[in-house]
1. For the range 356-383, what are the residues that are closer than 21 Å to LYS418 by Cβ and surrounded by fewer than 20 Cβ atoms within 10 Å (Cβ to Cβ)?
2. Would you mention how many residues in the range 128-161 are within 12 Å of the ligand (Cβ to nearest atom) and either in the same structural domain as THR402 (by TED's automatic domain parsing) or more than 17 Å from ASP202 (Cβ to Cβ) (or both)?
3. Go through (1) more than 23 Å from TYR262 (Cα to Cα); (2) touching a residue at least 24 places away in the same chain (Cβ under 8 Å) one by one and return the number of the condition ASP411 breaks.
4. Pairs please, first residue from the range 353-376 and on the phi > 0 side of the Ramachandran plot and of a type in the set (A, V, I, L, M, F, W, C), second anywhere and at pLDDT below 95 and surrounded by 18 or more Cβ atoms within 10 Å (Cβ to Cβ), Cβ atoms under 7 Å, 6+ apart in sequence or on different chains.
5. Considering the range 417-436 alone, what residues qualify as being surrounded by 15 or more Cβ atoms within 10 Å (Cβ to Cβ) and assigned to a helix (DSSP H, G or I)?
6. Looking at TYR70, TYR10 in this structure, which one is within 28 Å of ASP179 (Cβ to Cβ), in the same structural domain as ARG109 (by TED's automatic domain parsing) and touching a residue at least 40 places away in the same chain (Cβ under 8 Å)?
7. What's the number of the condition ASP163 fails, among (1) touching a Ser or Thr at 6+ places or on another chain (Cβ under 8 Å); (2) in a helix (DSSP H, G or I)?
8. Give me the pairs, please: first residue somewhere in the range 32-44 and in contact (Cβ under 8 Å) with a residue 12 or more places away in the chain, second residue anywhere and more than 10 Å from the ligand (Cβ to nearest atom) and of a type in the set (D, E, K, R), beta-carbon distance under 9 Å, and either six or more positions apart or on two chains.
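The values are calculated or read from the model by the stated rules, or taken from the named source; none is laboratory data. If you're wondering where the values come from, they're calculated on a predicted model, not measured in any experiment. Heads up, the Cβs are rebuilt from the backbone with ideal geometry, glycines too, and the neighbour counts pull from every protein chain shown.
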Amino acid sequence: MKISVIGTGYVGLVSGACFADVGNTVLCLDVDTRKITMLKDGIIPIHEPGLDNLVQRNAAAGRLLFSSNYDDAVSHADIIFLAVGTPPDEDGSADLTHILSAARSIGERLTKPAVIVDKSTVPVGTAEKVKRAIAGELEKRGVNVAFHVVSNPEFLKEGAAIDDFMKPDRIVVGADDADAAKQMRQLYAPFSRNHEKFVEMDIRSAELTKYAANAMLATRISFMNELANLSELLGADIEAVRLGIGMDPRIGPDFLYAGMGYGGSCFPKDVKALIKTASDHKQQLHLLTATETVNDAQKNVLFTKLVRFFGGDAGLKGKTIALWGLSFKPNTDDMREAPSRILIKALFDAGANVIAYDPVAREEAKRVLVAEHGEDLCNTRLRIVESARQAVEGADVLVLVTEWKEFRAPDLPFLAEKLKQKAVFDGRNIYDPEAFAAAGLVYEGIGRRSGK
Ligand code: NAD
């Protein structure tokens, strides 16, 4: 099949490369010409495990093309995916500027029948807006071209995106036209034996399904975080509780980890957007509002522990805090809504210095933090270093922020020797408190016994 994908971010580039890998000819378009130039040169603008090989292999085979010219993208394809960003607007709603601008760009050029697919996460009713935007442009041109808009939300996880796309749990398609749905079924056949993962529904339900999934996952996280905070007060250990409830098949073991609160480009914005959609329809989503409130508070939990450890805000002044991990989760360089940003801001405000290390997000973190705090502050109070060991040299305490694999088995005698205050704050509960205590280190997790 001939496919174009509009937007070559985490979703668009992965989808495009995976569709190409099963034999389709895919043209990926982005208005960011820097990204397209890099991709044409075989350079992948984002970090996603396995993506470089996948892109290079398919580009070399002539199945994966890159362009920033809409004429190329629209004339190339029978199916056009919209995978542009839908960032939060000031009122929490999803900003549809990019989606509708892409739709108009398609309508300005469409000359043959096509299926337009909303892959971006968009509020219920957006497919109708996309349809109107395209139809409006066709009307201006005085041409009549048959096209259908379908909804096909994406469920991949950054850091495991290729695996998720190649072996999806489910493929949700919302369509109001049988032929368009059939084309989608054919396109996804290589990813789902006998179409068994293919879930077809009406467009509005498909649009809502994506928000429902993210809202449920975010709520699980906030639930566990709230219980973790209670565990601490009660002298219980949330890790034991997690195991004890996760073995119940009605609950399941995944996504039950207490930590520093959810971040990333999806959960925060999608929770906000769903709350806004409901309030536009005069419904208050009490549970989701609480999910968000709990999450906002949770992002400060580690800082509060640090303040307590140093005997108050003033105690942090002039101290040096080592951070392991900056990206919002492991295996990605994505810094959008990363909990590390909130922690770093609080540390700066309290007058502390930060030495940070992340396996892949160093450049992106630097860019984001300089934009947030200015060059001067970052030059004087922040050092982003090249190894986990380097980050600990000269630091008072260590904070584990992102649970990258390389942080999982730390050299405890080294930490005990280097950390001036011999204390580790584990924001992801990946360490064994007893082992840290045995090495002479103070250990503080989230919702756990301290191991002292
Ligand atoms: P991203 O910011 O990484 O990429 C979006 C790309 O779209 C950018 O490269 C941007 O330059 C491009 N773009 C913007 N306007 C354009 C236009 N008019 N024409 C062409 N290109 C344009 O975003 P992402 O993380 O890939 O997310 C895309 C969508 O997918 C969002 O709606 C997001 O909520 C959803 N989603 C994301 C994930 C994820 O894990 N990142 C998972 C599932 C769904």
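1. Scanning the range 356-383 gives ARG362, ARG381, ARG383.
2. 9
3. (2) is the only condition that ASP411 fails.
4. Hits for this filter: zero, empty list.
5. Listed by number, the residues that qualify are LYS418, PRO433, PHE436.
6. TYR70
7. Unmet condition: (1).
8. Every condition considered, the pairs that remain are GLY42/ASP52; ILE44/ASP52.
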